[in-house]
Amino acid sequence: MLFELRTCGTCGACCKTHFVHELDKPGGQWCKYRLPGRGCQIYGHHPRACKTFRCQWLLGRGEVEERPDRTHLVLDFIGGEKLGEPLFLIWEVKRGMLRSPLAREAEVDVFDQGIVVCRMPLAKQPTLIVPPGRQPEKIIEAFKSVGINVNVCYRTA
């Protein structure tokens, strides 16, 4: 099996979903430096947060045709060393996509592995879905430290 190197290409979905504090860019709004279909206007001088971000699609999760600009979802994983618990984020690029089969499948897959999931809707508060035995306090504090309140839903398996 050959590994196919994936690149962002013309995607740019994370240019809408993610907060970029260095640019005072809120989540859920397009970055003013994004050139639709062309990429980043300040590429090469873009913030560290943008340079280091790699969505799960870039890292090989999902089919090639499931690129975030096509699914309208950006899947992201943060290891437990940063937050005390691993965290899987599902960012909505287009309203309503958190209810899509792909979003639900990713959520169930990760939750079943005992990982905290965070739904990141465009227009509402994020929601943490917490599996049994997980302690999300550091995750909640990390959100609060950047001015974001989260809903917390503790679920059984």
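Values in this text are rule-based calculations from the coordinates and carry no lab data. Remember, it's a predicted structure, so these values are computed and weren't measured experimentally. Here the Cβ positions follow ideal geometry from the backbone for every residue, glycine too, while neighbour counts run over all protein chains shown.
Taking amide H positions as placed 1.01 Å from N in the peptide plane, with prolines and chain starts having none, which residues 5 or more places from residue 67, or on another chain, fall under 5 Å of its amide H?
Amide H neighbours of residue 67, under 5 Å, 5+ apart: none.
Let me have the relative contact order for the range 42-98, percent, based on Cα pairs under 8 Å that are six or more residues apart.
Dividing the mean separation by the residue count of the range 42-98 yields 26 percent.
How about the range 1-102: which GluC sites (Glu not before Pro) there are in a DSSP loop, with at most 14 other Cβ atoms within 10 Å of their Cβ?
Here the sparse-neighbourhood loop sites are 4, 63.
To the nearest 20 debye, what is the magnitude of the charge dipole of the chain about its Cα centre, counting +1 on the Cβ of each Lys and Arg and -1 on the Cβ of each Asp and Glu?
About 560 debye.
Below 15 angstrom from the Cβ of residue 10, what's the summed charge of the other residues (Lys, Arg +1; Asp, Glu -1)?
The answer is +4.
Helix-only mean residue ellipticity at 222 nm, the chain, DSSP H runs n ≥ 4 weighted -39,500 (n - 2.57), per residue, nearest 500. What is it?
Theoretical 222 nm ellipticity from helices: -5500 deg cm²/dmol.
Give me a comma-separated list of calculated 3J(HN,Hα) values for the range 49-58, in order, Karplus coefficients 6.51, -1.76, 1.60 applied at θ = phi - 60°, integers in Hz, x for any Gly or Pro.
4, 6, 5, 9, 6, 9, 6, 5, 5, 4
Using Cβ contacts closer than 10 Å as the measure, can you line up 90, 140, 148, 129 from fewest to most?
Neighbour counts put them in this order, fewest first: 148, 140, 129, 90.
Please find, in a Gaussian network model of the chain (springs between Cα atoms separated by less than 10 Å), the residue of 146, 74, 117 whose mean-square fluctuation is greatest.
146
What is the spin-label model distance, in nm, from residue 100 to residue 65 if the labels are put 7 Å beyond Cα along the C-beta direction?
Calculated label separation equals 1.3 nm.
So what is the relative contact order of the range 31-157, in percent, for Cα pairs below 8 Å that sit 6 or more residues apart?
Answer for the range 31-157 is 16 percent.
At 0.36 nm per residue, and after removing the present C-alpha to C-alpha distance, how many nm does the segment from residue 151 to residue 48 gain when stretched out fully?
So the chain would gain 34.2 nm between residue 151 and residue 48.
What is the sum of charges around residue 32, taking Lys and Arg as +1, Asp and Glu as -1, for the other residues whose C-beta is under 11 Å from the C-beta of residue 32?
Residues near residue 32 contribute +1 overall.
Provide Rg over Rh for the chain; use the alpha carbon set for both Rg and the Kirkwood Rh (inverse mean inverse pair distance).
0.95
Give the calculated FRET efficiency between residue 112 and residue 22 to the nearest 0.05, with a Förster radius of 35 Å applied to their Cβ-Cβ distance.
E between residue 112 and residue 22, to the nearest 0.05, is 0.45.
For the range 1-68, which trypsin sites (Lys or Arg not before Pro) are both in a DSSP coil and crowded by at most 11 other Cβ atoms within 10 Å?
Passing both the DSSP loop test and the Cβ count: 32, 38.
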